[in-house]
Each structure stands twice: as structure tokens, then as C-alpha cells.
Amino acid sequence: MNKRLLIASLAVWGLASCASQPLPEPEPIITYSDQEPTQLVGAIDDMARQLLATRKFVTLETPIAVTSFVELKSLQKTSELGNQMAESFIHHLQANGYRVIEYKAPGYIKVTDEGDFALSRDYEELTGSFEIDYILTGTYSAVPQGMMVNVRMFAAETKIVVATAQGFVPNQALSKEPIKKTDHQALRMEHGSLVRSEPDAPPSNNNSAENDDGGWL
């Protein structure tokens, strides 16, 4: 009898001891924000915060289009960097609940041997017009230490700037490869709609932009 009581007492003491010990904390789930961002990602994150902090009139219901960031000097040339910054701002706007219009979607999936594609930069494959209230774009220019970037959002109809941001991307964050330029395709606004048209014919004056091979950019 005494042995049974002793065993029962030890069992109760063991349970009480386990209950008094704090449970080990679960390991945190590692997310992208928990990891140290690259300098480029950090610069874009900071500019996105600036943009949302300075916005006026823009609501979660107003449709927004994001276009490629362009070289400040010409405003008609972009690059892989300019396109990547535009893609990053699409992410930030959508993650904060804003309506972002994907005007590069032709409305179908192109299945090929090289892959399946839902986006296109061929203006002939895309819808003719979109209902857009605001446009987000930006410019960048090279300085000795890196790249200066300016971001703006403006009303499609009135052209009034409703949000801005500014940032700096150091040389260490940029690829050692030269920034690749991409073809320009004409876009214009008509009554609050973003309309894609064929690129204009190259101007005939001597100030026209040409690529290294003499062709039009």
C-alpha cells in the first residue's frame, strides 16, 4: 500500500514539475522581411514607404497602372533596372491593398515550346484601352556613387502629381554589366484611359536617339 502511494506521489510530482516548466517557444517562421535585404531591395522598400506616406486623393478603389522607370535624360529609354523597379512597385501597391492594372496581359495564355506566357510587350497582342485613374512611374540618372531614383504617381486625366518618393541606389547594388536598353512603345492617355498605339516614326532631326548600331531605340 505504501509503495503504491509512493509511486502515485512521484507521478503527481512529475506532472506538476512538467506543468511548472515553461514550454519551449516555437521557432519563428522565416519570411523575406526577416532576412537582411539587399541594398537595391532596401532602397525600393524605402521609396515605397515614402510614396504611400505622401499620397493624396488616391484610394484603394482607384485603378493604378505602373510603367517602366526611364532614363532621366531622354524619358524614352528604359533598362532591366527600370523594369525591375516597376515590378517591385507593383508588388508594394498590391500588398498594401491598391488596385493595380496589369495592362501587359493579352487575355490569354500563349503556350510554346519555350514556355507558357501570360504577359506580353507586343502592343499588337494587347487590349486597346484600359480604365486608369493614376499612373506610377519614375526616372533614374547615374551619378558617380550610384543611381538617383525619383518616383511619382500622377492623375491620368489632370496630370496632377499626387505622390512622390526619392531614393539612391549605390553602385554596390547594381550589376557590373551595363544596363541594357529596351525598345520603346508608344502609350498615350485618352479621356482617362491608357491607350497603346504603334511607336511613332523616328524624328528626322539630328537630336534623335539612336542605338549603337544606328537603329532606333
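The values are calculated or read from the model by the stated rules, or taken from the named source; none is laboratory data. Everything numeric in this text was worked out from a predicted model, so none of it was measured. In this analysis, Cβ positions are derived from the backbone assuming ideal geometry, glycine residues included, and neighbour counts consider all displayed protein chains.
Some notes on this structure:
- In the stretch 111-134, the residues that are charged (D, E, K, R) and either closer than 15 Å to Pro63 by Cβ or surrounded by 14 or more Cβ atoms within 10 Å (Cβ to Cβ) (or both): Glu125, Glu131, Asp133
- Verdict on Ala86 being outside any helix (DSSP H, G or I), within 19 Å of the chain's Cα centre (by Cα) and touching a residue at least 40 places away in the same chain (Cβ under 8 Å): no
- Filter result for Ala43 (assigned to a strand (DSSP E or B) and either at pLDDT 50 or above or surrounded by 12 or more Cβ atoms within 10 Å (Cβ to Cβ) (or both)): no
- Scanning the stretch 57-74 turns up one or more residues that are surrounded by 15 or more Cβ atoms within 10 Å (Cβ to Cβ), aliphatic (A, V, I, L, M), on the phi < 0 side of the Ramachandran plot and touching a Gly at 6+ places or on another chain (Cβ under 7 Å).
- Residue check for Asn206: modelled with pLDDT of 50 or more and surrounded by fewer than 17 Cβ atoms within 10 Å (Cβ to Cβ): no
- When the test is whether a residue is surrounded by fewer than 13 Cβ atoms within 10 Å (Cβ to Cβ), part of a helix (DSSP H, G or I) and either among the polar types (S, T, N, Q) or modelled with pLDDT of 55 or more (or both), Ser9 passes it.
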